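The structure under discussion appears below in the form of structure tokens.
The values are calculated or read from the model by the stated rules, or taken from the named source; none is laboratory data. This one's a predicted model, so the numbers in the text were calculated from it and none came from an experiment. All Cβ positions, glycine included, derive from the backbone under ideal geometry; neighbour counts span all protein chains shown.
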Amino acid sequence: MKCSGRIIVAGAGIAGLTAALALAAEGFAVDIYERAPRLEEAGAGLQLSPNATRILAALGVLDKLLPDAVEPTAVVLRDARTLSEVARVPLDKARERWRAPYLVAHRADLQSALLSHALGNDRIRLVTNAEVTHIAIEPDGVAVSVRQGSRSEQATGALLVAADGVWSSMRALTGGKSSFSGAVAWRTTLQADSPAGEAFARIAPANIVTAFMHPSAHLIAYPIRGGRSINLVALTRNTALDRVASPRADPDQLAYSLRGTASQIAGLPRHAGPWTLWPLHTAKAGSWRSGGRLALIGDAAHAMTPFAAQGAAMAIEDAAVLAKLVASMPDDLPQALERYETLRRPRIAKVARRGALNNFTWHASGPIALARNLVLKTLPPERLASDLDWLYGWSVSDAAQS
């Protein structure tokens, strides 16, 4: 059923733009309010598994992203001390097995593809430099105050979708909060044709996602920008940090975490910079909805650590499921939002548990690390791929009908 009715989306990141496109596809008019004055290139690499790219394809976005993305043939786990391969998850048949590609891309390229598609949709209006400052939820709709510089305006809609990220100002309405995870991400990129990039390619082939496992850190590497760059992210512990990212991080701190790794890894902090240091926060909402007229999606609802590489994918899934349910119950939005939360919470929890398992596995040391390597080496690649069917094979139509 195609529906009409204006919906307000707060935030023009991946979650907000995907929600706007999914809702517009169902016939809704959507106003997006983004507090940043302009949408600029930001962030680093991300992994988009088939559960996410299937949605992007349905929304018509995937074709815009593919020229700048890379389709890796495998995820390979290596011991960071010896560089020996411990396990391999094949991805070369992702389209066949999971009905969509597995991609790695720069976050800005995905944002650009989503934005381009949204700006070309006459059902979507994007307003930048506009912050939602006050919300009044009524039985028949929602009214918001939007501040644009020194002036303020009022906007009304049937529904408000909070897609304003880990620092969501609307999460407080549901009794939620964010907290520092104690982990930090060190991020940088290498030009693939640079001496450092060519040297690194000898231990991390350009068509593969490589995870180097080490007790005090793990390093993820994969190609982005059509293979022209290599995205590097090292995950370590650092309880002294909190909210603020450091654009010029001290590489000696990262070198300390990578001590004991192979020389090709241990030398990266000084040879591959500059590094940006990002404290990683998680967020939990008491509920993902309020008053039957406010719904939280993506990091606003459930920001998680990146150990399952599913942050962007879960935001994309949220947006698609919410749009389907709102379209199927336009005259009973409280019921639609209740159904949305009921469907999404168990899946998000399962993904978070998978991330916690990955974190434990990748940072194991001593006898546990030895046992990990022995067990993983005995598992055939097909078995490792099948263990991800529940995650990568998910589809929005199956979820909405369950």
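Structure values in brief
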item: Answer from V104, V89, V75 - the residue that is in a strand (DSSP E or B) and under 16 Å from the mean Cα position of the chain (by Cα); result: V104
item: Segment 182-225: number of residues that are farther than 16 Å from A80 by Cα and touching a His at 6+ places or on another chain (Cβ under 6 Å); result: 3
item: All positions within segment 240-271 that are surrounded by 18 or more Cβ atoms within 10 Å (Cβ to Cβ), touching a helix residue (DSSP H, G or I) at 6+ places or on another chain (Cβ under 6 Å) and at pLDDT 90 or above; result: L254, L258, P269
item: Residue match in segment 84-96 (condition: at pLDDT 95 or above and at positive phi); result: no
item: Subset tally (residues that are under 30 Å from G60 (Cα atoms) and free of Cβ contacts under 8 Å to residues at least 24 places away in the same chain) for segment 113-160; result: 3
item: Of all residues in segment 336-356 being surrounded by fewer than 18 Cβ atoms within 10 Å (Cβ to Cβ) and free of Cβ contacts under 8 Å to residues at least 24 places away in the same chain, the one that is nearest to R289 (Cα to Cα); result: T342
item: Matching entry among D31, D63 (being charged (D, E, K, R), in contact (Cβ under 8 Å) with a residue 24 or more places away in the chain and over 30 Å from W362 (Cα atoms)); result: D31
item: Within segment 152-171, tally of residues that are within 19 Å of the chain's Cα centre (by Cα), among the small types (G, A, S) and in a strand (DSSP E or B); result: 1
item: Residue in segment 172-201 that is nearest to K284 (Cα to Cα), counting only those that are aliphatic (A, V, I, L, M) and not in a strand (DSSP E or B); result: A172
item: Any hit, segment 46-62, residues being over 20 Å from L110 (Cα atoms) and either at pLDDT 95 or above or not in a helix (DSSP H, G or I) (or both); result: no
item: Residue identified as touching a Ser or Thr at 6+ places or on another chain (Cβ under 7 Å) and within 30 Å of V76 (Cα to Cα) among I316, I368, I348, I265; result: I316
item: Any hit, segment 70-80, residues being among the aliphatic types (A, V, I, L, M) and out of contact with any strand residue (DSSP E or B) (no Cβ under 6 Å at 6 or more places or on another chain); result: no
item: Filter result for R81 (over 30 Å from A266 (Cα atoms) and either among the hydroxyl-bearing types (S, T, Y) or in a loop (DSSP other than H, G, I, E, B) (or both)); result: no
item: Spans of helices (runs of 4 or more DSSP H) in segment 247-317 with at least 2 residues more than 22 Å from L343 (Cβ to Cβ); result: 251-257, 263-266, 268-271
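Listed here are the residues, each with its yes/no results for (1) touching a helix residue (DSSP H, G or I) at 6+ places or on another chain (Cβ under 7 Å); (2) buried (at least 21 other Cβ atoms within 10 Å of the Cβ); (3) under 30 Å from K377 (Cα atoms); (4) of a type in the set (S, T, N, Q).
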{"residue": "P37", "(1), (2), (3), (4)": "no, no, no, no"}
{"residue": "E40", "(1), (2), (3), (4)": "no, no, no, no"}
{"residue": "V75", "(1), (2), (3), (4)": "no, yes, yes, no"}
{"residue": "R88", "(1), (2), (3), (4)": "yes, no, yes, no"}
{"residue": "A108", "(1), (2), (3), (4)": "no, no, no, no"}
{"residue": "V132", "(1), (2), (3), (4)": "no, yes, no, no"}
